[in-house]
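We did not get these values from a lab; they are worked out from the coordinates using the rules stated. Just so we're clear, the structure is a prediction, and the values are computed from it rather than from any experiment. Neighbour counts run over all protein chains shown; Cβ positions are idealised from the backbone, glycine included.
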Ligand code: TXA
Ligand code: MG
């Protein structure tokens, strides 16, 4: 298949392709998404095929106007309304009871549906011109880091999808916060730019974070979000997450000088390292780390890293989102020093 490249001004063309059952990668403020018409089951199948995504991992439905919410959900509870008022459009996905018209292939047979109202202008224009809600999983091959730049999408999806809309670099760089509002007590299933404190400030209650955000689900354990089960964000290298101060991290690496070993580090570590490194931002700036992490993981492949030691320290609530992606990239191999 020939993949067409579209500029950010060609949203009309992107919508045309989507209306005809095609699949198109589009920029959002979090990561690039691979979009299709929510109600076109043939197009949905193409998405799973292009990504190599397991069929039991459901998709997020994207809307461009709160008026369309009941095309997607059957109930819009009070707490969801409050969160929508405050955070939509923006990087928050809510899990809600699904409208019967949403195909089972979108929700992987679940009774709930994930819905998000993004704020990226290009994404909004494309949804609006398509005249239907669009599903959009991250536009990477399954298992690889989510794409935050046009080139990332091109590398993964060239020849597999109808078009890519070039919207430059994504603003945040990690996927949206996912919160389930299915039960009375809301629970965060995937941390992101909208933090537990942000949500607490609106709902006025402590917000639980699912324990699988921080650790590996047990085999056969029933998870609230199927995406939690899978290995994610992995470069080809074996990755270890190393927790500790700059001094301890650099000391730990001082004898590790075989070929193919890389440090995935903070800027502050650089003067003390004697091995090749890729930095993902300043230690005190988790927002910068969120923005650079997926690109840095892809660079590990580009530089043919075989073993990667990734430095991590918990600084604030954005660090939770960074940690959640990094331990998955590391296959849950954590070294505490
Ligand atoms: O920022 C984002 O959310 C990006 C952009 C493109 O919007 N999209 C994205 O989609 O990250 P994806 O498919 O890569 O991740 C969706 C996550 C998966 O972990 C999936 O298991 C979970 O949301 N999910 C989807 N529907 C669900 C449901 N009904 N219940 C629980 N989890 C659900
Ligand atoms: Mg994804």
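Write down the percent of antiparallel bridges among all DSSP beta bridges whose residues are both part of the chain, to the nearest 5.
For the chain, the DSSP antiparallel bridge percentage is about 35.
Given a cut-off of under 8 Å on Cα pairs at least six residues apart, what relative contact order in percent is computed for segment 107-157?
On the way: 20 pairs, mean separation 10.2, N = 51.
This gives 20 percent for segment 107-157.
Relative to the longest principal axis of the C-alpha atoms of the chain, give the angle of the C-alpha long axis of helix 317-329, reported between 0 and 90° and rounded to the nearest 10°.
The angle comes out at about 80 degrees.
What order do you get for 262, 48, 302 when you list them from fewest to most C-beta neighbours inside 10 Å?
302, 48, 262
Specify the angular offset, from 0 to 90 degrees and rounded to the nearest 10, of the alpha carbon long axis of helix 286-302 from the longest principal axis of the alpha carbons in the chain.
Helix 286-302 sits at roughly 80 degrees to that axis.
For the chain, calculate the relative contact order in percent as a whole number, restricting contacts to Cα pairs under 8 Å that are 6 or more residues apart. Don't skip to the answer; put the middle values down first.
On the way: 762 pairs, mean separation 65.8, N = 337.
In percent, rounded to a whole number, it is 20.
Mean residue ellipticity at 222 nm from the helices of the chain, using -39,500 (n - 2.57) per DSSP H segment of n ≥ 4 over the full residue count, to the nearest 500 deg cm²/dmol?
Working: 10 runs with 97 residues, N = 337.
Roughly -8500 deg cm²/dmol at 222 nm, from the helical runs in the chain.
With the cut-off at 1.5 for a/c, could you classify segment 164-279 from its C-alpha gyration tensor as rounded, prolate or oblate?
Numbers: a/c = 1.97, a/b = 1.85, b/c = 1.06.
Because a/c hits 1.5 or more and a/b exceeds b/c, segment 164-279 counts as prolate.
Suppose the Debye formula is applied to equal point scatterers at every Cα of segment 259-306; what is log10 I(q)/I(0) at q = 0.17, 0.22, 0.32 Å⁻¹?
Relative scattering, expressed as log10 I(q)/I(0), comes to -0.46, -0.74, -1.16.
What is the Cα radius of gyration of segment 13-146 over 2.2 N^0.38 Å, N being its residue count?
Relative to the rule-of-thumb radius for its length, segment 13-146 sits at 0.96.
How do 273, 34 rank when sorted from fewest to most other Cβ atoms within 10 Å of their own Cβ? Before the final figure, lay out each step's value.
Numbers: 273 18, 34 28.
Going from least to most buried by this count: 273, 34.
Under a no-solvent Debye model with one identical scatterer per Cα of segment 96-140, what's log10 I(q)/I(0) at q = 0.16, 0.27, 0.33 Å⁻¹?
So the normalised log intensities are -0.51, -1.08, -1.20.
Could you compute the FRET efficiency for residue 121 and residue 75, with r as their C-beta to C-beta distance and R0 at 25 Å, rounded to 0.05? Walk me through the numbers before you get to the answer.
Details: r = 30 Å, r/R0 = 1.19.
E between residue 121 and residue 75, to the nearest 0.05, is 0.25.
Mind pulling the angle between the C-alpha long axis of helix 41-51 and the longest principal axis of the chain? Nearest 10 degrees, somewhere in 0 to 90.
Helix 41-51 and the main axis of the chain meet at about 10 degrees.
Contact order normalised by length for segment 77-217, with contacts defined as Cα pairs under 8 Å and 6 or more residues apart; what percent is it? Write down the numbers at each step before the final one.
Values: 179 pairs, mean separation 35.4, N = 141.
The value is 25 percent.
So what's the gap between the Cα centers of segment 97-119 and segment 1-69, to the nearest angstrom?
For segment 97-119 versus segment 1-69, the Cα centre distance is 15 Å.
Given the C-alpha centroids of segment 239-267 and segment 147-187, what is the distance between them in whole angstrom?
So the separation of the two Cα centres works out to 29 Å.
Using only the Cα atoms of the chain, what are the Rg and Dmax in Å?
19.7, 60
Multiplying the sequence separation of residue 65 and residue 197 by 0.36 nm and subtracting their Cα-Cα distance, what value in nm do you get?
Full-extension gain reported as 44.9 nm.
For residue 85 and residue 129, what is the calculated FRET efficiency with R₀ set at 30 Å and r taken between the beta-carbons, to the nearest 0.05?
Between residue 85 and residue 129 the formula returns 0.70.
Once the Cβ-Cβ distance between residue 252 and residue 316 is put in as r, and R0 is 35 Å, what FRET efficiency do you end up with, to the nearest 0.05?
Efficiency computed from Cβ-Cβ geometry: 0.90.
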